[in-house]
Each structure stands twice: as C-alpha cells, then as structure tokens.
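Okay, so here's the structure we're looking at.
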Amino acid sequence: MLKHLGFLLNVCAIALFIPGILLPMFSLNMAMTIDASGVAMSNNLIDKNLSLLQTIQELWQDERLLVALLIFIFSICIPMVKFLLLCVAYLTRQAKLASRIHRFISMIGKWSMADVFVVAIFLAVLSTNHAETASPQQLALFGFKLNFIVSSETISALGAGFYYFTGYCLLALFGTTLSSFNAHKTSN
C-alpha cells in the first residue's frame, strides 16, 4: 500500500515540477523617478518575470556558468533522474533491485535537497522589496539652481512557478520517504 501511495505522490510531484520550472518563479521591477519642479519622469530600469529555466539561461548568458550549472544539476537533472529511478523501482518485481535503487535515491536525495536551497535563494532575492526611497538633489548651472528629487522603488513578488516548485519539493520528499520505507521493509 505504501509503495503505491509513495509512487502516486511522486507522479503528482512530477506533475507539479513541470509548471514549477516553466512558469515564472518571481517577478522583479525596479523603477526610477525624477521629479523636477512638479514634472515627473519615470523609467523602468528592470522589469523581469523569470522561471527557473529562464533564470538558468540568463545566468548562462551572463557567464555565471558555475551557478547556472549547479542550479541546472540540482533543480532539473537530479529530480528527473530520481523520478526515473523511482519508476524503475516501482515497476520491478525484484525486491533486491528495488531496495538498491531506493538506497541510491536516498543517497542522491541528500543532494536533491538543493531544490529546497534554490527555493530559499529565490526567497532571499524576493526579500529585496524596498519601499520608495527619495533623495533631494540640486543642480547648479549658469547661476541657476534646480531642485529635484530622485526616487527609486524595487518590487519583487512570487510567481506561480514558485508555488508549483515548492509543492513538487514537498510531495517528492514525502512520496520518496514512503516508497523507501516500503522498500526497506520488504527487503528485510
């Protein structure tokens, strides 16, 4: 019974994984406004909605290869390998093979906790919300003084991909635990 429930939870987890890596995980908007004598000019400096895959792609293009590679391995490759191995363990009729696969999954499971680390990094990025900051400035030109205010505002928000990916992490962890518990129980 636990074997079937664990596998079903992992199938549900992988169903959450796909939109979790494709949908925007967060949005980031940074705007700057200059107000001179009641006339305001605004400019969006940054306006991004990034999914996990888009983040990896952007890191790669910015030549942050190590970070892009680590996120790709821990958040894309290991979950896929883990799911494929769980499928093999579920479908095999050999208890010893299933037990070995579950031991291996437990071993790489420690590494796949990096999924949770990635989510934590996104949360840290999202904690960059800043209320509007304003600083008065003065420009002196040919004896004239112009007073103006330069303000900036950074807004970040969680996207749907974050919730799907978090759901994947939790369901996969619980499902793998149930499957592994059952495999260890039947092999003993």
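Only one of (1) over 24 Å from the mean Cα position of the chain (by Cα); (2) farther than 21 Å from residue 172 by Cα; (3) part of a helix (DSSP H, G or I) fails for residue 97. Which number is that?
Single failed check for residue 97: (2).
When residues of region 46-66 are filtered for being without any contact (Cβ under 8 Å) to a residue 60 or more places away in the chain, of a type outside the set (A, V, I, L, M) and in contact with a Phe, Trp or Tyr (Cβ under 9 Å, 6 or more places away or on another chain), how many remain?
Total meeting the criteria: 3.
Can you report the number of residues in region 22-47 which are touching a Gly at 6+ places or on another chain (Cβ under 6 Å) and exposed (fewer than 14 other Cβ atoms within 10 Å of the Cβ)?
Residues meeting the conditions: 0.
Scan region 6-21 residue by residue and report those that are closer than 17 Å to residue 166 by Cα, among the hydrophobic types (A, V, I, L, M, F, W, C), buried (at least 17 other Cβ atoms within 10 Å of the Cβ) and out of contact with any strand residue (DSSP E or B) (no Cβ under 8 Å at 6 or more places or on another chain).
9, 13, 14, 16, 17
For region 12-44, give me the residue count where each residue is within 30 Å of residue 133 (Cβ to Cβ) and touching a residue at least 40 places away in the same chain (Cβ under 8 Å).
Counting residues in region 12-44 that are within 30 Å of residue 133 (Cβ to Cβ) and touching a residue at least 40 places away in the same chain (Cβ under 8 Å) gives 14.
Identify the residue in region 100-134 that is crowded, with 18+ Cβ neighbours inside 10 Å and more than 19 Å from the chain's Cα centre (by Cα) and, among all such residues, is modelled with the highest pLDDT.
101
Restricting to region 48-60, and then to whatever is of a type outside the set (A, V, I, L, M) and touching a strand residue (DSSP E or B) at 6+ places or on another chain (Cβ under 6 Å), can you tell me which residue is surrounded by the most Cβ atoms within 10 Å (Cβ to Cβ)?
So the residue we want is 51.
Within region 147-176, take every residue that is touching a Pro at 6+ places or on another chain (Cβ under 9 Å) and among the β-branched types (Val, Ile, Thr) and give me the one that is farthest from residue 16 (Cα to Cα).
Only one residue tops the list, namely 149.
The values are calculated or read from the model by the stated rules, or taken from the named source; none is laboratory data. Note that the structure is a prediction, hence the values are computed from the model and not measured. Cβ: placed from backbone, ideal geometry, glycine included. Neighbour counts: every protein chain shown.
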